[in-house]
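Every number in this text was worked out from the coordinates using simple rules, so none of it is lab data. In this text, all values refer to a predicted model and were calculated from it rather than measured experimentally. Positions of Cβ are generated from backbone atoms using ideal geometry, with glycine treated the same way; all protein chains shown enter the neighbour counts.
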Amino acid sequence: MQIQVIPRDHSGLSALNGQDPGFGNFFSDHMLVREWSGNAWGDARIVARGPLEVEPSALGIHYGQSVFEGLKAYQGTQDDAIRLFRPDQNAARLEASCLRLCIPPVRTDEFIECIRELILVDAAWVPKRRGHALYIRPLVFATEGHLAVRPSSRYQFVITTAPVAPYFSANSRALRLKAEARFTRAAIGGTGSAKTSGNYAATLRPMVAAAAEGFDQILWLDARDHAFAEEAGQMNIFFRIGDEVVTPELSGTILPGVTRDSVLTLLDVWGIATATRRVSMSELAQASRSGELVEIFGAGTAAVVAPVASIRHLDEEISTTPVEGPSLAERLRETLLGIQHGEIEDPYNWVCSVS
Ligand code: COI
């Protein structure tokens, strides 16, 4: 694979002007594009970010044959290095998503090389501020124009990047979730474990309703019984019950989060008992009533680690009874950011330097 770079004339970086970037309000100067036309991925081009020309009957827009990823590039706070966090895991998940949606996968080494080259070209866009990062959004979608419901013969692989603060930084308080008892996000045998666009579209209507009721996010429940916690849409969910941290098992309906996996590793190393299993709402309600529900937090690339104060389930408010001292959510967040920004040792080989 060759990567051709056609740089933009003038950078748009000054528009950012030191403001808080939020999440998705600004995009960097360049994008990477690469086409699949029949039997192989072609060479890649890094060009000025701009509109894509899309065939109006593109199968990706009509029938949702589209998958994406999310990872971040972090500026070292004690050196000049720019680091990626476990990009091989995003490559593996993209491959799994592609296979589920009949999309030709992108090779791991080429996925990482494309990202590295793009970050080098837009290195000035990587925020200097700790906790902020350049969010990387790889997308693969079907571009062939056709009306038959079948896999496309053509695809585009596009990577855009955006300077971001953590997803929930606007709310410095812990989040309030609504356990969604009517709509569902994913069912066994569906596409819940793939990072595919339709999964997110399905969450919009209930999310809008939950926001109007004053909630920050939805906690999705299992599709069969509406009785077990699954994930929070933009993040995986963790419950600290007594001495144990529990997170729903990867049953096929939950996105296998890279941060989720990293959190489980860190907790294991710290000697904190973890369990990946089904977690029922009645167990959570009981733990809340008895005071054993010590913490709830979400974990994801965009969200990092976000504390949750309470979950509304039907008529019941499930809330935490924090213990003295720093929360696990805070400790996990600080450790992950420390590794990502190159401040503390990375015994797991999670980070790799771009430059
Ligand atoms: C991520 O954490 O990278 C995500 O993809 C969540 C996003 C939909 C905001």
Residue with peak Gaussian network fluctuation, the chain [Cα springs, cutoff 10 Å], from GLN286, GLN156, GLN217 = GLN286
Expected sort for ASP222, ASP315 with the fewest Cβ neighbours (10 Å cutoff) up front is ASP315, ASP222
The set of residues whose placed amide H lies less than 5 Å from the amide H of SER193, leaving out same-chain residues fewer than 5 positions away, is ILE254
Segment ARG173-ASP80, length gained on full extension (0.36 nm per residue, minus Cα span) | 30.3 nm
Relative exposure of SER290, SER251, judged by other C-beta atoms within 10 Å (fewest first) | SER290, SER251
Sticking with the crude label model, points 7 Å out along Cα→Cβ, report the distance from ASP109 to ALA40 in nm, one decimal please.
-> 1.5
Which of VAL54, VAL106, VAL67 moves the most in a Gaussian network model of the chain with Cα springs under 10 Å?
-> VAL54
Among LEU264, LEU221, LEU52, residue whose mean-square fluctuation peaks in a GNM of the chain (springs only between Cα atoms under 10 Å) | LEU52
Angle between the Cα long axis of helix 281-290 and the longest principal axis of the chain, 0 to 90 degrees, nearest 10?
-> 50
How do MET31, MET1 line up, fewest other C-beta atoms within 10 Å first?
-> MET1, MET31
Please report, largest first and rounded to whole Å, the three semi-axes of the ellipsoid equivalent to the chain, where each semi-axis is the square root of five times an eigenvalue of the C-alpha gyration tensor.
-> 34, 25, 18
Inter-probe distance in nm under a simple model that places probes 7 Å from Cα toward Cβ, at ALA209 and ASN25 | 3.1
Give the distance, in whole Å, between the Cα centre of segment 43-97 and the Cα centre of segment 10-26.
-> 19
Expected 222 nm ellipticity per residue - DSSP helices of 4 or more, -39500 (n - 2.57), all of the chain, to 500 | -7500 deg cm²/dmol
Rounded if a/c under 1.5, otherwise prolate or oblate - segment 126-216, Cα gyration tensor axes | oblate
Which whole-number percentage describes the relative contact order of segment 3-164, with Cα contacts under 8 Å and a sequence gap of 6 or more?
-> 34
Is the shape of segment 175-323 rounded, prolate or oblate, going by the alpha carbon gyration tensor and its root eigenvalues a ≥ b ≥ c, with a/c under 1.5 for rounded and a/b larger than b/c for prolate?
-> oblate
How far is helix 328-340 tilted off the main Cα axis of the chain, in degrees rounded to 10, range 0 to 90?
-> 20
Based on the mean of other Cβ atoms within 10 Å per residue, sort peptides 229-235, 39-45 so the most packed one is first.
-> 229-235, 39-45
Taking 7 Å along the Cα-to-C-beta vector as the label spot, tell me the ALA275-ASP88 distance in nanometres, rounded to one decimal.
-> 3.2
Can you tell me which of 253-263, 343-353 comes out highest on packing, and rank the rest after it, using the mean Cβ neighbours within 10 Å?
-> 253-263, 343-353
